[in-house]
1. Kindly express, to the nearest 10 degrees and within the range 0 to 90, the angle between helix 126-138's C-alpha long axis and the longest C-alpha principal axis of the chain.
2. Taking only the alpha-carbon positions of segment 1-134 and ignoring solvent, what does the Debye formula give for the base-10 log of I(q)/I(0) at q = 0.22 Å⁻¹?
3. Using Cα atoms only, what is the angle between the long axis of helix 278-290 and the major principal axis of the chain, expressed in degrees (0 to 90) to the nearest 10?
4. With the cut-off at 24 Å, tell me which of the pairs 35/178; 119/281; 261/356; 104/264 have Cα atoms farther apart than that.
5. Restricting to bridges with both residues inside segment 116-267, how much of the DSSP beta-bridge set is antiparallel, in percent to the nearest 5?
6. Sorted by average packing, counted as other Cβ atoms within 10 angstrom per residue and highest first, what order do 25-34, 228-237 take?
7. For segment 202-289, what value does the Rg/Rh ratio take when both radii are computed over Cα atoms and Rh is the Kirkwood radius, given to two decimals?
8. Cut-off 10 angstrom, C-alpha nodes, Gaussian network model of the chain. Which of 23, 85, 169 fluctuates the most?
Amino acid sequence: MKIAILGTGYVGLSTGVCLSQIGHQVTCLDINEQKIVQLRKGISPIYEPGLDDLLTMNMAAGKLKFTTSQPEALANAEIIIVAVGTPQGDDGAADLSYLVQASKDISSYINHDTIIVIKSTVPVGTNDFIKKLIEDYCGFPVKMVSNPEFLRQGSAIDDTLKADRIIIGSENEEAASKIQKMYRPLNVEVIITSTKSAEMIKYASNAFLATKISYINEIANLCEAVGADVQDVARGMGKDKRIGEEFLYAGIGYGGSCFPKDVKALLHTAGVNGVKFPLLKETIAINDFQREVLVAKVLKRFGGLKGKKIAMLGLAFKPETDDMREAPSIPIAAALTKYGAEVVAYDPVATDNARKIIGDSIKYAGSIDEAVHEADAVLIVTEWKEVKSIDVAEMLAKMKEPIIFDGRNCFPEETIRACGSVEYYPIGKPAIII
Ligand code: UDX
């Protein structure tokens with residue numbers, strides 16, 4: 001099939017690469033000239049395992065193209081997939097301005113058979129609104145499909161090629177069945193729903209996962225208070241199939257480009273429809289609180305932080321990505337510097353992005369060794385493999401004081417106990433002080 005994709009962000013690029021991989025002819029369109037120039041050279045603008053190989057392979061096979069030219073991408077496309085950003089607006093609602101612009105752009109190139117797929121995360125009712133907008137421009141009925149994505153950064157390619165499900169929401173049976181056919185080579189279960197239900201599935205899923213994280217984080221806080229171990233508790237809970245083992249990792253709160261924005265957007269949708277949804281308010285409040293627990297522990301341990309050197313290991317909102325959006329490291333760095341600490345941070349890939357957001361209020365190290373050298377304490381913020389595989393005893397030997405605040409529970413108790421003199425403060429488990 002001949003497919004055009006609007007927007008080469010995370011979702012658009014991963015989708016484009018994967019659809020070309022399963023045999024379709026894909027042209028990706030973006031207004032950012034620089035990005036397209038790089039992509040044409042086979043250079044991905046994002047760090048995503050597996051993406052570069054598929055990118056170069058499918059470009060070489062002539063199945064994947066990049067352009068800034070609307071006619072080149074859109075004129076003969078059978079299917080147009082819209083994957084432009086829907087960032088959070090000032091009022092908590094999703095900002096649809098890119099989507100509205102994309103709709104105008106599309107309408108000059110489509111015919112009666114073109115299928116328009118909205119992949120961007122959009123509030124319930126947006127597909128209907130966009131359909132009307134495009135029809136007003138082009139003057140004939142258009143075929144629309146809501147097709148939300150569930151890919152995670154860091155495993156975007158795998159999540160697309162081996163998805164748990166594909167959601168196709170449409171009031172047009174012919175369009176729904178063509179999109180189902182487009183995905184057939186993936187051999188993934190397809191659920192066909194109304195447009196509104198498809199839109200809701202995306203928000204309901206993300207808000208549920210965010211709530212699951214806030215729930216286990218609150219259990220972690222309770223475990224600390226009563227002397228239980230949240231990892232044992234999560235393991236015991238997760239074996240119940242109705243609960244499931246995933247997304248029960250207690251830590252310093254969820255971040256990234258989706259959960260914080262989507263929970264707020266769903267709460268906004270609830271509000272404008274007269275539904276209070278207090279559960280979501282608590283999910284957000286718990287997450288805000290959780291971002292402060294590491295710093296609270298540091299302050300409790302040291303009293304003041306003036307003259308203390310604190311090493312932060314990890315800056316990205318999670319491992320295997322250079323994305324800093326809503327990363328817990330941002331408020332943590334701000335709080336530590338506010339209390340007068342000298343902060344030296346290390347991240348395997350997110351340093352450049354972090355510098356743009358956090359700036360020069362902290363220092364950036366080129367290695368773990370450099371960051372922890374003579375540090376009064378280490379804070380573990382992102383559970384990178386490189387961090388989890390540290391020789392803890394060796395690291396402690398390089399520090400001024402052997403103190404670790406672990407926001408991601410990276411090390412088993414035996415590893416810490418084998419280190420000799422140490423103070424280890426995990427999340428939701430008893431501290432180890434030897
Ligand atoms: C998420 C959804 O998983 C994905 O389906 C959707 O399409 C986009 O949003 P992503 O933002 O890439 O994906 O990250 P994810 O792996 O889901 O993690 C989100 C945040 O939750 C991270 O900050 C992570 O550290 C945190 N998290 C996740 C926890 O704190 N505990 C967990 O158990 C799981």
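Only the coordinates and a few stated rules stand behind these numbers; no lab work does. What you see is a predicted model, and the numbers here were worked out from it, not measured in a lab. Counting neighbours? That spans all protein chains shown, and the Cβs are built from the backbone with ideal geometry, glycine included.
1. 40 degrees
2. -1.34
3. Relative to the chain, helix 278-290 is tipped by roughly 50 degrees.
4. Too far apart for the 24 Å limit: 35/178; 119/281; 104/264.
5. 10 percent
6. Highest-to-lowest ranking by the protection proxy: 25-34, 228-237.
7. Computed over Cα atoms, the ratio is 1.01.
8. 23
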